Amino acid sequence: MGIIKSYFMPNEYVQSVFQIDIDKLAASGVKGIITDLDNTLVGWDEADPTAAVKQWFEKANALGITITIVSNNNEKRVGSFSKSLNVDYIFKAKKPRGRAFNQAAQLMHLKPAEIVVIGDQMLTDVFGGNRRGLFTIMVVPVKQTDGFITKFNRMIERRLLQHFRKKGYIKWEEN
């Protein structure tokens, strides 16, 4: 069971990206964030960044942290959202495969130890980041509704979370 834990267990779990202490990340040497888009930053059906998301990106930038959005969604969706924030992005990332994580690290010119991965899904964001040796932070999904494939992933995710709770690996509670 150790292998499953090492692949699927996030290093941190928070209610939202806004609970992540960006000052603490910067102080610990983090220079880059690879973040998911849908249900991580905004709901999957919201086209534009909210004012709070814009402020979060601005704060990270002011602290010298580069953000790259890595999403399995299409170019129109990811490109439009990312361009409004003036950040690099990778669309149709095929997470949890490693290509997009490696590509994001190269775009940012950073080493794995300097990068944090943020996302709402254990089977794509956390698994993909952990396989690359990156620090992973899982957030509660912004919305409770999902597309078809994500619904399937959430079923598996619930079982993994239940197992991790039984083993005492996690202490957090979901809403």
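Considering only residues that are open to solvent by less than 10 Å² (accessible area, probe 1.4 Å) and free of Cβ contacts under 8 Å to residues at least 40 places away in the same chain, look in segment 36-66 and name the one that is farthest from ILE115 (Cα to Cα).
Checking each candidate, the answer is VAL53.
Every residue, every condition in (1) in contact (Cβ under 8 Å) with a residue 12 or more places away in the chain; (2) crowded, with 20+ Cβ neighbours inside 10 Å; (3) over 16 Å from MET122 (Cα atoms); (4) touching a Lys or Arg at 6+ places or on another chain (Cβ under 9 Å), yes or no:
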position: SER16; (1), (2), (3), (4): yes, no, no, no
position: GLU75; (1), (2), (3), (4): yes, no, yes, yes
position: TYR89; (1), (2), (3), (4): yes, yes, yes, yes
position: ALA93; (1), (2), (3), (4): yes, yes, no, yes
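Looking at LYS83, is it open to solvent by 10 Å² or more (accessible area, probe 1.4 Å), assigned to a loop (DSSP other than H, G, I, E, B) and either of a type in the set (D, E, K, R) or touching a Ser or Thr at 6+ places or on another chain (Cβ under 6 Å) (or both)?
no
Return the total of residues in segment 93-138 being in a loop (DSSP other than H, G, I, E, B), aliphatic (A, V, I, L, M) and either in contact with a Ser or Thr (Cβ under 7 Å, 6 or more places away or on another chain) or over 19 Å from LYS31 (Cα atoms) (or both).
Result for segment 93-138: 1.
The values are calculated or read from the model by the stated rules, or taken from the named source; none is laboratory data. All figures in this text were calculated on a predicted structure; none of them were measured in a lab. All Cβ positions, glycine included, derive from the backbone under ideal geometry; neighbour counts span all protein chains shown. With ligands, DNA and RNA removed, areas are computed over all heavy atoms of the protein, side chains included. Shrake-Rupley method; radii C 1.70, N 1.55, O 1.52, S 1.80 Å.
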